[in-house]
Amino acid sequence: MTTLLISADSNLDDWMDAWREAAPHRPVVCHGRAPYDPAAIQYALTWKPPAGALNALPNLKVAFNLGAGVDAVMADPTFPSHIPLVRLVDQDLTNRMGEWVVLQVLTHFRQTLGYLELQRTKTWRDLTQPAARSARVGLMGYGTLARHCTPILRGLGFNVHGWARGPKESDITLHHGEEGLANFLARTDILVCLLPLTEATRGILDAKLIGQLSRGTPVGPVLINAGRGGLQNEADILAALQDGTLKGASLDVFNEEPLPATSPMWDAPNLIITPHVAAITDPASAVGNIVEQIDAFEAGAPLQNVVDRGHGY
Ligand code: GLV
């Protein structure tokens, strides 16, 4: 019944401590710290595992991803298809993403970058300020994180709608599929992308998509992405910021991370860059969820939030 922590992050001690606190009766070992018997491992706690590492565990029952996005595990062709991979759905992580998204929407909508520029030149002048009810925020990728953002943004007065791969229950207008995308973009002034990275979504944030966004508010269109860098065509985003097709953008993720110092993105106008910190997983909170899932699983309950291998998330 041993659990293996196998993570590329540096906070291994935090995870080990959190696990021992939450499940003192469940032995845990840490990949890379001490030798262990691969055959003794039944559960893996995993974040960006080295290719082949999970396949080397012959008695693995479940792999728990330690973040919301599972693209790093899905990219490993040796990860056995019969092993369930569980996405992390955690209220603390969801709350953090909500904070970041709302912060970015308001920062652009209230023209904070413009006011900072005026402050630098000691200029007391107001900038056009439309009402929130006149702006439409489009949430692209309508899962747990986007659902959490909806009532917060609506409470601030924004019109909120969404786009998802397929039809879903929702109390907002939800466009879906390839055929719904153009309609969704044409009605979106501030685009918030929370999509997973899959073969279907790679590079989706490109010039063609940006060109379809609404120009219905003087402060838009704005692109906000906290999904994955692989969703972005960064050259297209840079060009759109430079020629004014995009009024602003906030990117938490990049094709290459850390973003190299030589990247022209650092100097892009009206771009806010954060270093993949929009929603960091808190080990103490996440471990509680995982231990509950394991207890229920061992009592015969089905696992929750299992990745659909066909869809890739
Ligand atoms: C962070 O990138 C996550 O997937 O949770």
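The values are calculated or read from the model by the stated rules, or taken from the named source; none is laboratory data. Fair warning: this is a prediction, and the values are worked out from it, not measured in the lab. Using ideal geometry, Cβ is built from the backbone for each residue, glycine included, and neighbour counts are taken over all protein chains shown. Keep in mind that these areas ignore ligands, DNA and RNA; they rest on the heavy atoms of the full protein, side chains included. Shrake-Rupley method; radii C 1.70, N 1.55, O 1.52, S 1.80 Å.
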Could you give the angle, 0 to 90 degrees to the nearest 10, between helix 12-22's Cα long axis and the longest principal axis of the Cα atoms of the chain? 70
Helix 283-298: angle to the longest alpha-carbon principal axis of the chain, degrees 0 to 90, nearest 10? 50
Sequence neighbours fewer than 8 away in the same chain don't count; with that in mind, list the lysines whose C-alpha is under 29 Å from residue 61. 48
The chain, accessible area per residue, ligands and nucleic acids excluded (1.4 Å, Å²): 47
222 nm mean residue ellipticity, helices alone, for the chain (DSSP H n ≥ 4; -39,500 (n - 2.57); rounded to 500): -9000 deg cm²/dmol
Between helix 177-186 and the chain: long-axis angle, C-alpha atoms, 0 to 90°, nearest 10: 40
Mind checking which lysines have their Cα closer than 28 Å to the Cα of residue 208? Skip sequence neighbours fewer than 8 apart in that chain. 168, 247
Give the peptides 102-110, 303-311, 147-155 in descending order of average Cβ contacts within 10 Å, highest first. 102-110, 147-155, 303-311
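Could the peptides 86-99, 215-228, 51-64 be put in order, highest first, of the mean number of other beta-carbon atoms found within 10 Å of their residues?
Values: 86-99: 18.9, 215-228: 21.9, 51-64: 17.0.
Highest-to-lowest ranking by the protection proxy: 215-228, 86-99, 51-64.
Only four residue types carry charge here, +1 at the Cβ of Lys and Arg and -1 at the Cβ of Asp and Glu. Report the dipole size of the chain about the Cα centre in Debye, rounded to the nearest 20.
Numbers: 24 positive and 32 negative charges, 180 e Å.
Dipole about the Cα centre, nearest 20: 860 debye.
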Residue by residue through the stretch 210-221, what is 3J(HN,Hα) from phi via Karplus (6.51 cos²θ - 1.76 cosθ + 1.60, θ = phi - 60°)? Round to whole Hz and write x for glycine and proline. 4, x, 8, 5, 5, 10, x, 10, x, 9, x, x
Tell me, what ³J(HN,Hα) does each residue in the stretch 258-265 have, in order and in whole Hz, if you take phi through Karplus 6.51 cos²θ - 1.76 cosθ + 1.60 with θ = phi - 60° and put x for Gly and Pro? x, 4, x, 4, 7, 5, x, 4
For the chain, shape from the Cα gyration tensor axes a ≥ b ≥ c, cut at a/c of 1.5 then a/b versus b/c, turns out prolate
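Just to confirm a number: summing +1 for Lys and Arg and -1 for Asp and Glu over residues other than residue 137 whose beta-carbon lies under 12 angstrom from that of residue 137, what do you get? All intermediate terms of the calculation are to be shown ahead of the outcome.
Working: positive: 133, 136, 154, 187; negative: 189.
That works out to +3.
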Under 5 Å between amide H atoms, partner at least 5 residues away or on a different chain: which partners does residue 28 have, H built in plane at 1.01 Å? 3
